[in-house]
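Remarks on the structure that follows.
The values are calculated or read from the model by the stated rules, or taken from the named source; none is laboratory data. Please read all numbers here as calculations on a predicted model, not as lab measurements. Here the Cβ positions follow ideal geometry from the backbone for every residue, glycine too, while neighbour counts run over all protein chains shown.
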Amino acid sequence: MLIYGREIRDRLKNEIQQYAVNNKMSMSIVMVGDDPPSQVYVNGIVKFGRETGIKIDVLHLGADTEESQVLRFIKNLNEDPAIDGIMLQKPLPEHLDYNRLINEIAYHKDVEGVHNYNLGKLVSRQEGIQPSTPKAIIRIIKENGIEIEGKNVTIVGRSTIVGNPLSVMMTTENATVTLCHTRTKDLKKEILNADILVAALGRRNYITADMVREDTIIIDAGINFDDNGKMFGDVDEAAKEKAAIASAVPGGVGVITVAELFDNLKQICSLKNKSE
Ligand code: NAP
C-alpha cells in the first residue's frame, strides 16, 4: 500500500497560515550555483511562503562565489532583525565548506536545524529546532498509525540533514537503529532485518524487491530525476509493491518536508515572541 503526504502537508499548512495572520514571519534562502533539483525545492518553498503569507527572499549567488562573500551575506542576514529564519541550500559548489558555513548562521535563525547548537540539542534530547526531513519522516510514520517503539529501523544514508539526525530521533522514539552508508558490508542483510526501512541515499531505484521483506514498511526519502526531469525515489516500484506499506515518490516525504521547514520557522518566531 502506498502512503502519501499531501493531507498532512495541507493540515500543517493551514496551521502555519493561521499563525502567520497575526505573526509576521520571514525567511531567507542562500543558494549558490545552479543545481536543478535545488531550484525545484526552493521554488516549492517560495510558493508555500506566498500561499501562507510568509515573506521568502532567495539570495541566488553565482557558482564561483568565494566563501568570504557567502560568509558576508550570512553575517548580514544574521544581523538583520527583519529576518527570522536562514537556510543554506545544499549542494554547494565544491570549493565551499557546507559544515563551516552552516555554523556561521545564527543558531536561533537556523530554520533547518542543522547548526551544531541544534544538533547538540537533538543528541542531548533537549527542545530545539529539528531538521525538517527527519521530522517529516517521523510524522508520516506516526500519522499512518505505525508504532516506532521497539522496531528495527534501518536507515540508508548518513548525511547531516537526513540520515544522521534521523538515527538520533529514531533512537529517542525507542527504535533499535542501524545506520548504513557506502562502507556498510552487507546492505541487503541490514535492510532484510528492518521492520522499517528509510531510504535516503540519493540513488535512483537502488533498493530492489529482493532486499525487502513482505512486512517491511518502506519510507522512501530519495528524490532523483532522470534526463527528462521525471522524479524517482531510492526504492524501486517492485520493492514497494512487495512491502506492506511504502511512501510514494513524488507525493510522500518530500511534500511534508517543506511544511516542516515552515513549522520550524513558526517555532523560531514563537520563541522570539516569548522572549520579547
Ligand atoms: P547525501 O548528502 O549525498 O548523502 C547520501 C548518503 O547516502 C551518504 O551517507 C552515503 O554514504 C549514502 N550512500 C550513497 N550511496 C550509497 C550506497 N550505494 N549504499 C549505501 N549508502 C549509500 O544525500 P542527502 O542530502 O542526505 O539526500 C539523500 C536523498 O534524500 C537524496 O535523494 C535527496 O534528494 C533526498 N532528500 C529528500 C528530502 C525530502 O524532503 N524528501 C530532503 C533532503 C534530501 P557515505 O556517507 O558513505 O558517502
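Return the only residue of LEU265, LEU271 being more than 9 Å from the ligand (Cβ to nearest atom), under 16 Å from the mean Cα position of the chain (by Cα) and in a helix (DSSP H, G or I). Steps first, answer last, please.
Details: LEU271 fails: under 16 Å from the mean Cα position of the chain (by Cα).
Answer to the selection: LEU265.
Quick check on the stretch 149-160. Is at least one of its residues within 9 Å of the ligand (Cβ to nearest atom), out of contact with any Ser or Thr (no Cβ under 6 Å at 6 or more places or on another chain) and modelled with pLDDT under 95? Can you show your working first?
Applying the first criterion (within 9 Å of the ligand (Cβ to nearest atom)) to the stretch 149-160 yields 156-160.
Okay, now just the ones that are also out of contact with any Ser or Thr (no Cβ under 6 Å at 6 or more places or on another chain), so 156-160.
In the following step, the residues that additionally are modelled with pLDDT under 95 were identified as 159-160.
Yes, the stretch 149-160 has at least one match.
Check ILE138, ILE129 and return the single one that is modelled with pLDDT of 95 or more, away from the ligand (no atom under 11 Å from the Cβ) and part of a loop (DSSP other than H, G, I, E, B).
Details: ILE138 fails: part of a loop (DSSP other than H, G, I, E, B).
The unique qualifying residue is ILE129.
Looking only at the stretch 7-55, filter to residues that are among the charged types (D, E, K, R) and surrounded by 14 or more Cβ atoms within 10 Å (Cβ to Cβ); which one of those is farthest from LEU88 (Cα to Cα)? First the steps, then the outcome.
Residues of the stretch 7-55 among the charged types (D, E, K, R): 7, 9-11, 13, 15, 24, 34-35, 47, 50-51, 55.
If we keep only those that are surrounded by 14 or more Cβ atoms within 10 Å (Cβ to Cβ) too, we end up with 9, 13, 15, 35, 55.
Numbers: ARG9: 22, LYS13: 22, GLU15: 25, ASP35: 13, LYS55: 16 Å.
It comes out as GLU15.
Would the stretch 185-195 turn up any residue that is touching a residue at least 40 places away in the same chain (Cβ under 8 Å), assigned to a helix (DSSP H, G or I) and out of contact with any Lys or Arg (no Cβ under 6 Å at 6 or more places or on another chain)?
Residues of the stretch 185-195 that are touching a residue at least 40 places away in the same chain (Cβ under 8 Å), as a first pass: 193-195.
Now restrict to residues that are assigned to a helix (DSSP H, G or I): none.
No - not one qualifying residue is present in the stretch 185-195.
Quick one: count up the residues across the stretch 200-242 that are free of Cβ contacts under 8 Å to residues at least 60 places away in the same chain and within 21 Å of GLU7 (Cβ to Cβ).
Total satisfying the criteria: 4.
Pull out all pairs, ordered by first then second residue, where Cβ-Cβ is under 7 Å, the residues are six or more apart or on different chains, the first lies in the stretch 82-103 and is under 18 Å from LYS55 (Cβ atoms), and the second is hydroxyl-bearing (Ser, Thr, Tyr) and modelled with pLDDT of 95 or more.
Sorted first by the residue in the stretch 82-103, then by its partner, the pairs are ALA82/SER26; ILE83/SER26; ILE83/SER28; ASP84/SER26; ILE86/SER28.
For residues in the stretch 196-225 being in a loop (DSSP other than H, G, I, E, B) and more than 13 Å from the ligand (Cβ to nearest atom), which is surrounded by the most Cβ atoms within 10 Å (Cβ to Cβ)?
Restricting attention to the stretch 196-225, the residues satisfying the condition of being in a loop (DSSP other than H, G, I, E, B) are 200-206, 208, 212-216, 221-223.
Among the residues that remain, those that are also more than 13 Å from the ligand (Cβ to nearest atom) are: 212-216.
Numbers: VAL212: 25, ARG213: 15, GLU214: 8, ASP215: 9, THR216: 23.
My answer is VAL212.
Just to check your reading of the model, which residue among GLN17, GLN69 is over 19 Å from PHE262 (Cβ atoms) and either in the same structural domain as ASN164 (by TED's automatic domain parsing) or without any contact (Cβ under 8 Å) to a residue 40 or more places away in the chain (or both)?
Details: GLN17 fails: over 19 Å from PHE262 (Cβ atoms).
Of GLN17, GLN69, the one residue that is over 19 Å from PHE262 (Cβ atoms) and either in the same structural domain as ASN164 (by TED's automatic domain parsing) or without any contact (Cβ under 8 Å) to a residue 40 or more places away in the chain (or both) is GLN69.
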